[in-house]
Amino acid sequence: MRQVRKRLFITSKTSAGKRVKIIRWAVENEYNTLVLPLNDKFFRGGSGKYIKLIKHYAFLIEAGGDDLSVLLPRGLFLFNKELFRMEEGKRKRSNHFCPTNPKTIAIIAKRARKLFSRAMQKMTLDRIFHLLPDEGQQDTWCQCPACRAFRPSEQYLIAVNTAADALAKLDSQAILSYIDFDTEPEAAKISPRANTVILS
């Protein structure tokens, strides 16, 4: 019988000092699972007090969270603006990207493979990943002519499916969770992959 996971998400914006307090709070409140950002130093073999605490209390480890944009490095913006979202006719570096651009999708797939592969080495079986829109930014999606054919929830699912395909090649049993913020599911044009679940 699989252990029920009581999850606590830690964001990339949370300082190392705050993480120590959060992890101690999680122990006191009987959380058994920590969800760490895909680019967290825990997965890169880093050290620190919060990492020692995670190991000491033997938390189950999952990866991901509200860092969807980590799949498209922001440093590409200067010479590759077309990869990023359009707002009122101008490309924007912040939040999300242009999911209908094939080059964007290729980069997301490659980056997802790299981050998932690295995280897998430190994760708990069964491996569960989470890919959520940027924190508080569910509506900052692309408005370019091609993307206007898709609602924000569909643009998000294009990115989720791209990452899910990359994950399936690395671990056929791994799961990728996402949030469903679609207010018109009956009109959805995009179907989620078989290795995805809606985050409850």
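Taking segment 94-110 as the region of interest, how many residues are at pLDDT below 95 and of a type outside the set (Ser, Thr, Tyr)? Let's see the steps before the verdict.
Just the residues of segment 94-110 that are at pLDDT below 95, to begin with: 94-96.
Filter again for of a type outside the set (Ser, Thr, Tyr), leaving 95-96.
Residues that pass the stated criteria total 2.
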Say we look at segment 1-46 and pick out the residues that are of a type in the set (Phe, Trp, Tyr) and in a loop (DSSP other than H, G, I, E, B); which of these is surrounded by the most Cβ atoms within 10 Å (Cβ to Cβ)? Phe42
Does any residue in segment 87-115 that is over 16 Å from Arg74 (Cα atoms) come within less than 7 Å, Cβ to Cβ, of a residue that is crowded, with 18+ Cβ neighbours inside 10 Å and of a type in the set (Gly, Ala, Ser) six or more places away or on a different chain, and which pairs are these? Arg113/Ala166
Picking from Asp134, Asp171, Asp182, which residue would you name as being among the acidic types (Asp, Glu) and modelled with pLDDT of 90 or more? Asp171
Going through Ser153, Ser177 one at a time, which residue ends up being crowded, with 17+ Cβ neighbours inside 10 Å, among the small types (Gly, Ala, Ser) and at pLDDT 95 or above? Ser177
Scanning segment 166-198 residue by residue, the ones that are acidic (Asp, Glu), out of contact with any helix residue (DSSP H, G or I) (no Cβ under 7 Å at 6 or more places or on another chain) and in contact (Cβ under 8 Å) with a residue 12 or more places away in the chain total 2
Which of (1) assigned to a helix (DSSP H, G or I); (2) under 17 Å from Ala164 (Cβ atoms) does Ile54 not meet, given it meets every other one? (2)
Any hit, segment 123-136, residues being crowded, with 20+ Cβ neighbours inside 10 Å, outside any strand (DSSP E or B), aromatic (Phe, Trp, Tyr) and in contact with a strand residue (DSSP E or B) (Cβ under 6 Å, 6 or more places away or on another chain): no
Evaluate the following for Leu71: is it aliphatic (A, V, I, L, M) and surrounded by fewer than 16 Cβ atoms within 10 Å (Cβ to Cβ)? no
Take the residues of segment 137-149 that are modelled with pLDDT under 95 and either touching a helix residue (DSSP H, G or I) at 6+ places or on another chain (Cβ under 7 Å) or among the aliphatic types (A, V, I, L, M) (or both): which is nearest to Gly46 (Cα to Cα)? Gln138
Which of the numbered conditions does Ser69 fail, given that it passes all the others? Conditions: (1) polar (S, T, N, Q); (2) part of a loop (DSSP other than H, G, I, E, B); (3) under 21 Å from Trp141 (Cβ atoms). (2)
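The values are calculated or read from the model by the stated rules, or taken from the named source; none is laboratory data. Fair warning: this is a prediction, and the values are worked out from it, not measured in the lab. In this analysis, Cβ positions are derived from the backbone assuming ideal geometry, glycine residues included, and neighbour counts consider all displayed protein chains.
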